[in-house]
Amino acid sequence: MAEAHQAVAFQFTVTPDGIDLHLCHEALRQVYLSGLHSWKKRFIRFKNGIMTGVYPGSPAGFMVVVVSYMSYNQYKQLDPSLGLIAKLGQHIPISQYMSTNSQSIVGGVLVGTGLWVTIIMIMRNVLKCLLSWHGWMQARHGSVSWSTHVWMILVKIFSGRKPMLYSFQNSLPRLPVPSIKDTCRRYLESVRPLMDDEQYERMKGLTEDFKKNLGPRLQWYLKLKSWWASNYVSDWWEEYIYLRGRAPIMVNSNYYAMDFLYVFPTSNQAARAGNTIHAIMLYRRKLDRAQIKPLMLLHTIPMCSAQYERMFNTSRVPGVDTDTIQHVNESKHIAVYHKGRFFKVWMFYDGRLLLPREIEQQMQRILADESEPLPGEERLAALTAGDRTPWAKARETYFSRGKNKQSLDAIEKAAFFVTLDDTEQGYDAKNPVKSLDRYAKSVLHGKCYDRWFDKSFNMIIFKNGTMGLNAEHSWADAPIIGHLWEHVLSMDPKLGYTEDDHCNGDPHPNLPGPQRLQWDIPAECQETIESSLTVARTLADDVDCHIFPFTEFGKGLIKKCRTSPDAFIQIALQLAHYRDKGKFCLTYEASMTRLFREGRTETVRSCTMEACAFVRSMIRDETREERLRLLKLAAEKHQNMYRLAMTGQGIDRHLFCLYVVSKYLGEDSPFLKEVLSEPWRLSTSQTPMQQLELFDLVRHPEYASSGGGFGPVADDGYGVSYIIVGENLINLHISSKYSSPETDSHRFGANIRQAMLDMLDLFQLNNKAK
């Protein structure tokens with residue numbers, strides 16, 4: 001109970017001689033250091049806020065402008081205040097307090113500051129106009145036109161020097177609203193391969209009616225929102241797609257990331273947790289100080305960084321009708337779960353962040369704790385895995401006061417959540433298929449009660465030292481958590497381990513231990529917990545996960561075929577799906593819109609007429625030359641659609657927002673209702689590697705990431721996530737449901753492998769023929 005004694009800074013007793021006061025100097029010292037740390041953090045945030053607010057200006061630029069302005073006026077013997085001080089002197093007796101020379105200097109500084117701010121605003125708006133041009137996307141890979149070269153030079157000039165994470169936020173253009181005409185045309189084009197002539201003519205009639213009647217009215221409101229709001233999509237997307245959903249977020253919304261594929265840094269669970277948690281906290285410190293470099297396409301074009309703001313200290317809070325996202329500015333602890341017990345672990349001591357060996361020390365204390373879970377505690381987190389409404393009601397009834405509220409606050413306001421899992425997971429060379437499939441299911445849902453699915457992310461450390469991550473989806477998209485994950489994986493070899501499998505460094509002799517969270521969970525609440533667990537287990541047991549590394553070839557060989565790797569994989573998925581089910585389906589590929597302020601995602605509808613034509617050519621007897629021609633047409637079409645999605649000309653977010661407006665207006669649209677009810681039976685996403693400089697996969701190919709994945713979107717469909725690792729490896733994550741007689745993740749994986757080999761064969765045989 002050392003932490004309990006040190007938590008009291010002073011004690012006193014009342015005696016006949018007066019009050020006898022006993023001060024605990026160590027406790028007072030910790031209070032002082034904690035306050036000092038908080039004030040430093042506030043000052044850094046204040047300073048970064050100013051630096052971001054005036055970017056691309058800088059203190060050096062301010063001095064140059066003001067000094068230059070003052071020097072020019074002194075040389076020309078002009079009034080640097082431009083008569084401003086004289087006019088103020090007519091109303092305020094300035095001359096009584098300031099000499100003529102002082103008035104001149106103050107006036108010059110004020111006017112110089114105004115000139116500096118004007119220059120900043122001009123640069124910012126010029127940069128916004130430059131970033132609104134997307135002609136650079138039309139260039140073929142490896143070739144850049146002279147106009148794009150000039151444009152990139154201008155972007156660099158007006159982008160300033162040494163930008164911080166949020167420096168470009170005010171310079172990013174707003175997401176444009178596509179025209180009703182273009183959206184309707186592209187929609188009809190996307191559904192043509194999925195409908196027969198009668199169905200298509202019917203949909204065409206609904207589309208024409210919407211375009212002429214209700215559409216323009218809804219578009220007017222949407223245009224109005226786009227002028228007023230930073231982004232006309234993102235807030236509604238977060239609220240209606242994520243927060244208002246009442247189904248479980250486990251499997252249906254949350255996604256996962258996996259450890260190195262072939263490397264096992266240590267088998268010591270506490271040591272792996274020590275290095276991992278320390279690396280995450282270092283990342284958070286860089287994030288708080290805005291020291292993370294903003295992501296730049298082609299090392300020139302900035303992308304929106306708004307989603308990083310809620311990575312830490314964030315939790316989704318259930319509501320009866322809609323959830324909310326709770327974010328606190330600062331959190332100095334993490335929450336840890338192990339064998340049914342919850343712990344609060346402070347991350348700072350002596351005014352500094354705990355070192356890896358000290359964090360390992362805390363984790364080892366938790367692993368060595370043999371206390372039993374309190375009644376209802378072991379499966380408490382099942383509430384976050386089940387339906388949202390029962391969890392919201394239970395939270396209000398049983399967790400809104402007393403020790404239950406204090407313990408829940410400790411979890412929800414923690415920097416993030418850690419599970420010290422009591423199972424062993426990871427790649428097993430003796431049984432590669434089952435080991436990876438089991439590993440994926442564990443990080444996706446675990447036991448349904450050993451992850452706090454509402455936290456922004458859960459770090460999972462398994463008994464054998466392997467780790468994984470489970471992330472909540474509403475606050476940000478996968479590339480954001482992927483950026484953190486790349487940092488964590490790259491830091492592990494740098495932090496290293498001792499010969500006896502401990503973190504480097506020494507344990508702290510006086511470090512207070514973890515604090516066990518206390519609960520008083522009545523029988524009625526325990527019944528709700530068991531009910532939620534039943535729902536969650538039914539969902540989890542139905543998930544069929546299959547993960548396989550595709551090692552036959554990678555993007556290096558695909559690029560030699562002068563084809564986009566992403567387009568190649570997407571077309572292979574179409575071919576594989578047709579071979580799997582004998583039909584085409586509406587396909588979702590996630591694309592980002594972070595070229596715009598507060599942009600999130602857009603949909604690329606990968607099942608195009610061109611892709612279907614190629615797939616049919618692979619099914620029927622056709623010449624290789626014709627198949628290759630159709631493949632190239634399909635790949636070019638896919639790339640064009642991806643460009644449209646990235647530049648704000650996609651169709652699905654526009655149609656979604658039009659639907660939301662129609663509901664606000666109380667208007668019923670048969671067209672929008674049908675569009676929004678179409679199921680995505682093939683949902684796909686590429687996990688991009690964003691920090692290639694952190695990994696040397698040429699020298700160390702064993703440090704390849706396994707990537708991550710998500711659950712199936714449709715009950716009778718597939719979810720496919722893939723990560724292109726280096727030049728020679730593609731890791732694929734496939735999910736479906738056992739309950740569907742139409743799907744089988746392993747069968748689909750085999751079809752994907754064969755489709756990719758068949759497609760590459762077209763190029764190789766064509767090259768040999770030449």
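So here's what we get for this one:
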read-out	value
Estimated 222 nm signal from helices in the chain, with DSSP H stretches of n ≥ 4 weighted -39500 (n - 2.57), rounded to 500	-15000 deg cm²/dmol
Rel. contact order, % - alpha carbon contacts under 8 angstrom, at least six apart, the chain	16 percent
Segment 573-638 - Debye-derived log10 I(q)/I(0), Cα point model, q = 0.12, 0.20 Å⁻¹	-0.38, -0.79
Over 18 Å [Cα-Cα, segment 327-458], rounded percent	61 percent
Accessible-area value, Thr538, 1.4 Å probe, nucleic acids and ligands omitted, Å²	90 Å²
Within segment 285-372, GluC sites (Glu not before Pro) in DSSP loop having at most 16 other beta-carbon neighbours inside 10 Å	Glu330, Glu370
Positive dipole terminus of the chain, leading residue within Gln199, Ser490, Ser104 (C-beta point charges)	Ser104
All aspartates and glutamates inside 16 Å of Lys181 as judged from Cα atoms, apart from same-chain residues fewer than 8 positions distant	Glu189, Glu208, Asp209, Asp652
Spin-label pair Gln326/Asp506, simplified geometry with 7 Å Cα→Cβ offset, distance in nm	4.1 nm
Unsatisfied cross-links (Cα-Cα over 20 Å) in the set Lys339/Lys463; Lys156/Lys293; Lys434/Lys559	Lys434/Lys559
Mean shadow area of segment 609-758 over all directions, Cα convex hull, nm²	13.0 nm²
Extended-chain gain in nm, criterion 0.36 nm per residue less alpha-carbon gap, Ser102 and Thr389	96.6 nm
Listed residues Thr534, Pro509, Gly554: farthest to the positive end of the dipole of segment 496-599 (Cβ charges)	Gly554
Of Leu282, Met363, Ala471, farthest towards positive along the dipole that unit charges on Lys, Arg, Asp, Glu beta carbons give segment 249-543	Leu282
Local electrostatic count at His502 - Lys and Arg +1, Asp and Glu -1, tallied over other residues with Cβ under 10 Å	-4
P(r) weight above 18 Å for segment 152-282, C-alpha pairs, percent	78 percent
Compactness of the chain, expressed as Rg and Dmax over alpha-carbon positions, Å	29.5, 107
Length added when fully stretched, Arg562-Val150, from 0.36 nm per residue minus Cα-Cα	145.7 nm
Trypsin sites (Lys or Arg not before Pro) lying in DSSP loop within segment 623-731, provided at most 12 other Cβ fall within 10 Å	Arg699
Separation of the Arg365 and Glu552 label points, Cα + 7 Å toward Cβ, nm	5.4 nm
³J(HN,Hα), Karplus 6.51/-1.76/1.60, whole Hz, each residue of segment 254-262, x for Gly, Pro	4, 10, 9, 9, 10, 6, 3, 7, 10
For the chain, accessible area per residue (1.4 Å probe, heavy atoms of protein chains only), Å²	46 Å²
Rounded to 5, percent antiparallel among DSSP beta bridges of the chain	80 percent
Rg in Å to one decimal, and Dmax rounded to a whole Å, for segment 249-543 via C-alpha atoms	18.6, 59
Anchor Lys332: lysines whose Cα lies under 22 Å away (excluding residues fewer than 8 positions away in-chain)	Lys40, Lys41, Lys47, Lys286, Lys344, Lys403, Lys405, Lys413, Lys455
Using a Förster distance of 51 Å, the FRET efficiency for Glu667-Glu309 (Cβ separation, nearest 0.05)	0.90
Nitroxide proxy distance, nm - points 7 Å out along Cα→Cβ at Lys339 and Arg629	6.9 nm
Computed over segment 203-334: relative contact order in percent, which uses C-alpha pairs under 8 Å that are six or more apart	18 percent
Where GluC sites (Glu not before Pro) fall in DSSP loop in segment 580-675, at most 16 other Cβ within 10 Å	Glu622, Glu667
Heavy-atom accessible surface of the chain: percent carbon and sulfur, 1.4 Å	55 percent
For a label point 7 Å along the Cα-to-beta-carbon line of Lys494, residues of segment 349-383 with backbone N under 20 Å	353-360
Length added when fully stretched, Asp350-Arg616, from 0.36 nm per residue minus Cα-Cα	89.0 nm
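The values are calculated or read from the model by the stated rules, or taken from the named source; none is laboratory data. Everything numeric in this text was worked out from a predicted model, so none of it was measured. Here Cβ is always computed from backbone atoms with ideal geometry, including for glycine, and neighbour counts include all displayed protein chains. We work out accessible area using only protein heavy atoms, side chains counted, and drop any ligands, DNA or RNA first. Shrake-Rupley method; radii C 1.70, N 1.55, O 1.52, S 1.80 Å.
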